[in-house]
Each structure stands twice: as C-alpha cells, then as structure tokens.
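This report concerns only the one structure given below.
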Amino acid sequence: MILYLMSDYNVGVAKGTNIIFLWISATNFAPILRAFLSDPYLGSFLTIGLGSLFSLLVTFIVLDILVIKLKFILFKIR
C-alpha cells in the first residue's frame with residue numbers, strides 16, 4: 001500500500017506511513033463504535049444488515065475501480 005501511495009499519489013514515505021497507520025487505527029476502532037450504536041439504538045439484526053450492505057457496497061466500488069484501472073493498463077487508454 002505504501003508503494004501505491006508513493007507512485008500514484010506522490011506521497012512521501014513518512015506521510016504515507018502516517019496515512020496507513022491512521023487508516024488501520026480507524027478500522028480497528030470502528031467495531032467498538034458500532035457496538036455502542038447497535039446495542040441501544042439499532043438492534044442486532046439491523047446492524048448486521050447495514051454492515052453487510054455497507055461491506056457489499058465498498059466491495060463493488062473497489063472492484064469497479066480495479067476493473068477500470070485494469071482496462072487502462074491492458075488497453076493503454078489514457
């Protein structure tokens with residue numbers, strides 16, 4: 001991931017490492033926040049459903065980006 005940040009976004013090593021550290025920290029802390037939201041407000045089934053829907057949406061977005069980038073690489077479209 002650091003190579004991707006350095007090559008595509010021209011980010012330095014130190015700043016790229018900080019970005020990755022903050023992303024990993026946020027994703028590791030997110031389940032705790034979801035647990036506090038799901039217990040009193042949403043209920044377990046709605047939380048599981050929303051989490052699954054969000055995960056599926058992110059997966060489709062990432063796959064779409066990868067397919068577009070792969071098309072550019074394979075067909076040399078710029």
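The values are calculated or read from the model by the stated rules, or taken from the named source; none is laboratory data. All values reported here derive from a predicted model rather than from experimental measurement. Because the Cβ atoms are built from the backbone with ideal geometry, glycine has one as well, and the counts that use them run over all protein chains shown.
Data overview
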| read-out | value |
| --- | --- |
| Inter-residue pairs, beta-carbon under 8 Å, first closer than 29 Å to Leu37 by Cα and touching a residue at least 12 places away in the same chain (Cβ under 8 Å) and in segment 50-72, second exposed (fewer than 10 other Cβ atoms within 10 Å of the Cβ) and of a type in the set (Asp, Glu), 6+ apart | none |
| Exclusive hit being touching a Phe, Trp or Tyr at 6+ places or on another chain (Cβ under 9 Å) and either exposed (fewer than 10 other Cβ atoms within 10 Å of the Cβ) or among the hydrophobic types (A, V, I, L, M, F, W, C) (or both), set Met1, Met6 | Met1 |
| Test set (1) among the aliphatic types (A, V, I, L, M); (2) farther than 24 Å from Met1 by Cα; (3) in contact with a helix residue (DSSP H, G or I) (Cβ under 9 Å, 6 or more places away or on another chain) - Ile19 fails condition number | (2) |
| Residues (exposed (fewer than 10 other Cβ atoms within 10 Å of the Cβ) and closer than 23 Å to Ile65 by Cβ) located in segment 9-45 | Asn10, Thr27 |
| Every residue from segment 8-27 that is assigned to a helix (DSSP H, G or I), modelled with pLDDT of 85 or more and not hydrophobic (A, V, I, L, M, F, W, C) | Lys15, Gly16, Thr17, Asn18, Ser25 |
